[in-house]
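Worksheet: the structure to be examined is printed underneath.
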Amino acid sequence: MSASYDKSTAVVVLPAIGGGRLQDRRLQTWLGRSDLVRHLEPISLLELILREIGKPMPAEGLAALRMWGQTGDRPTVWMAAADPVYLEPQLDHLRLHALSRQQLAPGELRQLVNHLQLVLGADASCSFARVGPCGYLNATVPIATATLPAAAIHGLRPDAYLPAGEASASHRKLVSEIEMALHDHAVNVERQSDGLQPVNSLWLWGGGTAPEQTTEWHPPLFANEPLLAGYWASKTGVVGSWPGSIAACLDESLAGFVAVVPAVEQDIAVLEALLRELKEALYSDRLSSLVLLFRDGIRADVRRKHGLRVWRRRNTLLEAPRTTGQPGAPA
């Protein structure tokens, strides 16, 4: 654990806040006086949180950790995550779109995974499986995979995040076979006829085996994220689902905690209510400091003493972008 990490700190992942979404002026002023930065580099949610609590990122086995978090049992075989994506053709490259569980109808992923198992899993060198909304690949001979999940590079060119070198040949071969098998599947034909993005590839990432379980202090985790839950389980950490409020997290923790508000929660009223709870917890001495990680890449390091920064009245990261023609906007 990093010597700089305070066990009474709350690390909270919250909905996007930039671009003028925050309407409460008092909250704008409060956050505007904190240390605000925006992270632009692609990064997984797990790594983002581990940086804050001073823990190293696992070198491999992220898919196995995710399944551990889903099932409650430690997987004992090599596996990779195999997540549905749409690779959008551009003029001279492809653009990756991660397809979330909200974008796939119930049963669509099941049909696609079953088809891949029937077509490509017959020789027993690899097999495909689905656990809930997540796809997995098992291979008797491990292959190179990407390290970042598809969600971390959503909207970007995938080239720079694919495995490179001689070890990447087996990855490229398998992905080509997957894409050919998915090309004219009935699920994709129907999705395209409905104007939806087809599942024209799988993003293979996080390959490896699950680590042995150890006992290592981590702050309590409140999240519905299976990868985070699996990592915490591998450290014998305290894990609970997101309870819906900061007050509920405080009731279950002796000091600080890590909490992840579900990605589907985008209501600005909910965000502002959570921020008010966090502000109250900070100024009532229930927490010593806050690290707020917003889903649009903005990070706020908030401490009680920041309230003395009365000269700070605004921060451009929280404001709506100005457009040409508005008063004060650049020409």
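The values are calculated or read from the model by the stated rules, or taken from the named source; none is laboratory data. Keep in mind it's a predicted model, so treat the numbers as computed, not measured. Quick reminder, even Gly has a Cβ in these numbers, built from the backbone with ideal geometry, and neighbours come from all protein chains shown. These area figures cover heavy atoms from the full protein model, side chains too; ligands, DNA and RNA do not enter into them. Shrake-Rupley method; radii C 1.70, N 1.55, O 1.52, S 1.80 Å.
Would you mind giving the average projected area, over all directions, of the Cα convex hull of the range 223-291 in nm² with one decimal?
Details: hull surface 19.6 nm².
So the mean shadow area of the Cα hull is 4.9 nm².
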Area of Phe128 that stays accessible when all protein chains are in place (1.4 Å probe, Å², to 10): 20
Of Pro58, Ser176, Leu162, farthest towards positive along the dipole that unit charges on Lys, Arg, Asp, Glu beta carbons give the chain: Pro58
Backbone HN-Hα couplings from phi across the range 192-201 [Karplus 6.51/-1.76/1.60, Hz, Gly and Pro as x]: 5, 5, 8, x, 9, 5, x, 8, 9, 6
Sequence-distant residues sharing a close amide H with Trp203 (under 5 Å, placed H): Asp83, Val85
Partner aspartates and glutamates for Lys7 [C-alpha distance under 13 Å; skip if fewer than 8 residues away on the same chain]: Glu52
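Magnitude of the Cβ-charge dipole of the chain, K/R +1 and D/E -1, about the Cα centre, nearest 20 debye? Intermediate values should be presented prior to the final figure.
Values: 32 positive and 34 negative charges, 301 e Å.
So the magnitude is around 1440 debye.
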Karplus 3J(HN,Hα) series, Hz, for the range 156-161 with 6.51 cos²θ - 1.76 cosθ + 1.60 (x for Gly, Pro): 9, 6, x, 3, 5, 10
Base-10 log of normalised Debye intensity for the chain (one unit scatterer per alpha-carbon) at q = 0.11, 0.15 Å⁻¹: -0.80, -1.26
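For every helix of n ≥ 4 consecutive DSSP H residues, a contribution of -39,500 (n - 2.57) applies; sum these over the chain, divide by its total residues, and give [θ] at 222 nm rounded to the nearest 500 deg cm²/dmol.
Numbers: 9 runs with 94 residues, N = 331.
Mean residue ellipticity, 222 nm, calculated: -8500 deg cm²/dmol.
To the nearest 0.05, how large is the calculated FRET efficiency for Ser8 and Leu118 if R₀ is 56 Å and r is the Cβ-Cβ distance? Spell out each step's value before the answer.
Working: r = 53 Å, r/R0 = 0.95.
Rounded to the nearest 0.05, the efficiency is 0.55.
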Taking the chain and dividing mean pair separation by its residue count, relative contact order in percent (alpha carbons under 8 Å, at least six apart): 33
Rounded to whole Hz, the Karplus (6.51, -1.76, 1.60) HN-Hα couplings of the range 173-184, x for glycine and proline: 4, 5, 4, 4, 5, 4, 5, 5, 5, 7, 3, 10
